[in-house]
Amino acid sequence: MDRSVGILDRPIVDSAAHDAASAQLADLRGRRAPAGTGRAAHEQRLIRIGLLLPISGPSGLHGPSGRFCAQLAAEEINAHGGLLGRRVQVVVGDGGMSFAASAREGERLIEEDGVAALIGTHPSGVREILGPQIGRRLPYVYTPIFEGDAYEPGVFYLGETAYQQLAPVLPWMKEHLGVRRWYLIGNDYRWPRDVHRMAHRLLTEQRAEIAGETIVPLETEEFDTIVAEIRRLQPDALIVTLIGSDAVIFHRAFARAGLDERIWRLGLLTEENTLLGIGAECSRRLLSSAAYFASLPYPENREFVRRYRSRFGPHAPVLNSIGQSCYEGLMFLHRVVSAAGSLDVGKLCRIADGLEMTGPRGRMRMVGRHAVKDMHVAGAEGVEFAIRQSFPQVNPNRGK
């Protein structure tokens, strides 16, 4: 496996300093060349791919696993000839800042670092700004869980939609867990609000009751008042669309209040990293709906887990849906660009519709730049998730 070209963090090495160091090394070896010549030739053999994912902020806990999964993907792509015959280098930018600042970071990856494509693993609020700006200029692969029914030009959406996460799972919870009365809680931006709208529609169709709902700012640190309201309303279950550290703080407060003795929680962005933060003692009656869990029994996933652990060791960040999506984003880009023989956005859009690929979360098929995929509901067992039910090849949006 080729590991000579991998992850590069912004800011990249200053070019003048790099050239001076290269010239000094060449001189010591008796092979002095004009300053910058070696670097220019090296750069021509590279193709840089931007990876915009949270390094800071409430979702920063997803950064380490995402970086490692992207590193693994880049190495595997390079070991098989690279992208369009050029070696891949991933340049990482921080998508965990404010939406506007993160969008500017994405623009800098393009304008200053010269990336040829962007893998976006960040909140929808960042994509709403970036998509219209860059979608026609270069390929933009958006990988995480998101609201669905998004059609920014030139953007490919790999993540689970609200419809995929809820449509098969809500009836299952009603039938198997007797859930009929719900409470919704999430952060204040597009994804949670759109998920809640979808939940209202689907729960109305199954004649369920919504006892209450609340939306809180990002980086909320105190949930006692909301926990008291949940105690008073006594729902059967919650839909939780809090992200990162907000989710960790809420779930701990919920369990401290003893509400986990009776009330189920369905987390829509509660993956293995978040579960570690919540802790085994606070994970009773905690479910998650997603297309990927590290415990998936697919042969492709078992092999992926083996390669990840072999490459990064037993103490690497735990695998999870957000981290794996960074791997999948690069692999999808390689698949569609190889099929098109080009990075031209128009060609890629035409090639992508109907394209199929199989990876750690099984078979995926693109329809209208969204992905049909298997979905799963898993229950927390300590600080790991165990699959409780799977739903094959769920459409990304109603009617698709």
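The values are calculated or read from the model by the stated rules, or taken from the named source; none is laboratory data. Just so it is clear, the structure is predicted and the values come from calculations on it, not from any experiment. FYI the Cβ positions are ideal-geometry reconstructions off the backbone, even for glycines, and counts take in every protein chain you see. The protein model used for the area step is the full one, side chains on, heavy atoms only, and it has no ligands, DNA or RNA in it. Shrake-Rupley method; radii C 1.70, N 1.55, O 1.52, S 1.80 Å.
For segment 263-320, a tally of residues being touching a strand residue (DSSP E or B) at 6+ places or on another chain (Cβ under 7 Å) and of a type outside the set (A, V, I, L, M, F, W, C) returns 12. Among the listed residues R302, R350, R309, R335, which satisfies the condition of being open to solvent by 10 Å² or more (accessible area, probe 1.4 Å), within 16 Å of S65 (Cβ to Cβ) and outside any strand (DSSP E or B)? One residue alone meets the criteria, R309. Among the numbered conditions (1) open to solvent by 40 Å² or more (accessible area, probe 1.4 Å); (2) small (G, A, S); (3) at pLDDT 95 or above, the only one that S56 does not meet is (3).
Within segment 190-208, is even one residue out of contact with any strand residue (DSSP E or B) (no Cβ under 6 Å at 6 or more places or on another chain), more than 28 Å from Q393 (Cα to Cα), polar (S, T, N, Q) and open to solvent by 20 Å² or more (accessible area, probe 1.4 Å)? No; the residues of segment 190-208 include none that is out of contact with any strand residue (DSSP E or B) (no Cβ under 6 Å at 6 or more places or on another chain), more than 28 Å from Q393 (Cα to Cα), polar (S, T, N, Q) and open to solvent by 20 Å² or more (accessible area, probe 1.4 Å). Reported count of residues in segment 216-250, each being surrounded by 15 or more Cβ atoms within 10 Å (Cβ to Cβ) and within 19 Å of E147 (Cβ to Cβ), is 11. Taking the criterion of being crowded, with 23+ Cβ neighbours inside 10 Å and free of Cβ contacts under 8 Å to residues at least 24 places away in the same chain, no residue of segment 77-130 qualifies.
Condition check ((1) hydrophobic (A, V, I, L, M, F, W, C); (2) in contact with a strand residue (DSSP E or B) (Cβ under 9 Å, 6 or more places away or on another chain)) across all residues:
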residue: A339; (1), (2): yes, no
residue: D374; (1), (2): no, yes
residue: I387; (1), (2): yes, yes
residue: N397; (1), (2): no, yes
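Of the residues screened, E213 is not one that is in contact with a strand residue (DSSP E or B) (Cβ under 9 Å, 6 or more places away or on another chain), in a helix (DSSP H, G or I) and surrounded by fewer than 18 Cβ atoms within 10 Å (Cβ to Cβ).
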